[in-house]
1. Under 11 Å from a point placed 7 Å out from the Cα of Thr156 along the Cα-to-Cβ direction: which residues of segment 187-203 have their backbone N that close?
2. Any idea of the accessible area per residue across the chain, 1.4 Å probe, to the nearest Å²?
3. Which one, Ala57, Ala169, Leu39, is farthest towards the positive end of the dipole of the chain when Lys and Arg carry +1 and Asp and Glu -1 on their Cβ?
4. What percentages make up the Cα-Cα pair-distance distribution of segment 22-79 when the bins are 10 Å wide from 0?
5. If the chain between Met13 and Ala107 were fully stretched, how many nm would it gain, using 0.36 nm times the residue separation less the Cα-Cα distance?
6. With n ≥ 4 as the cut-off for DSSP H runs, can you work out [θ] at 222 nm for the chain, using -39500 (n - 2.57) per run divided by the number of residues, rounded to the nearest 500?
7. Tell me, in nm to one decimal, what length is gained between Asp148 and Thr172 on full extension, where the rule is 0.36 nm per residue of separation less the Cα-Cα distance?
8. Roughly speaking, to the nearest percent, how much of the chain's 1.4 Å accessible area is carbon and sulfur?
Amino acid sequence: MARMPLVAGNWKMNGGLSMTRDLVGGIVEGTTDVTCELLVCPPAPLILAAFQASGGAKLAIGGQDCHAADSGAHTGDISAAMLQDMGCSYVIVGHSERRQDHREDDATVRAKAEAVSRAGLTAIICIGETEAERDAGETASVIARQLDGSVPEGATQDSVVIAYEPVWAIGTGRTPTPEEANTVHRQIRDHLSGLPGGSDGLRILYGGSMKPANAADFMAQPDIDGGLIGGAALKAEDFLAIARAASASD
Ligand code: PGA
């Protein structure tokens, strides 16, 4: 089944107003030969500036996290409905930095993904094993447990995106081989084959030290449908190079 590749930039806690204008402006200028779907996820205070800088161009904008509740007494948090109201179309949930820094467990991630769906947006649900789990040969069982705990009941292959991000590959410059990553992507697709409509159309992104030099090899894998990009998403030319690699694999 043809799956439209998605290249998503996760800016994490980086940037300011002028960087947002420059980076989004640079991305928008370079998209003429990009045919994959492009998404940037700036920090929440910069989302409106990102929309302004995109000038209505074909660039989706998303959040990096949201609260599981729709509104209420949750100081410092933002809701999926707020992100929707600003024009966002995606929200990343369950990134390993949130799982570690904020002790988010699978149940929390699932509740957030449900909130994203209620707001009419698409959740990008992140999963991935630590280095110790990989060394212990537990990757498949960790992935299965995270999927069982984090993917909402009633999710369909069109309502969510999965991002496979081995924790040990994030920001380290180390990656699994494209074949190793594809094996895990295949396990994810097989594990979710019971979703309504199946999982042939489910988009599964690879994340963790993806950059222009390795993007084409990852994108060439049959079950890798795009990337969740951290460091390389902070430079327009690198992000665009990855987007072109994904477009060529289309
Ligand atoms: P990285 O981050 O590309 O800098 O490794 C990816 C991510 O954490 O989403």
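1. 196-198
2. 42
3. It is Ala57, whose Cα lies furthest towards the positive end.
4. Reading upward from the zero bin: 21, 44, 23, 11, 1.
5. Values: separation 94, 0.36 × 94 = 33.84 nm, distance 2.42 nm.
Full extension of this stretch gives 31.4 nm more.
6. Result for the chain, helices only: -11500 deg cm²/dmol.
7. Details: separation 24, 0.36 × 24 = 8.64 nm, distance 2.76 nm.
Residue separation times 0.36 nm, minus the Cα-Cα distance, leaves 5.9 nm.
8. 50
The values are calculated or read from the model by the stated rules, or taken from the named source; none is laboratory data. None of the values given here were measured: they were computed from a predicted structure. As a convention, Cβ positions derive from the backbone with ideal geometry for all residues, glycine included, and neighbour counts pool all protein chains shown. Side chains included, ligands, DNA and RNA excluded: accessible areas come from the protein's heavy atoms. Shrake-Rupley method; radii C 1.70, N 1.55, O 1.52, S 1.80 Å.
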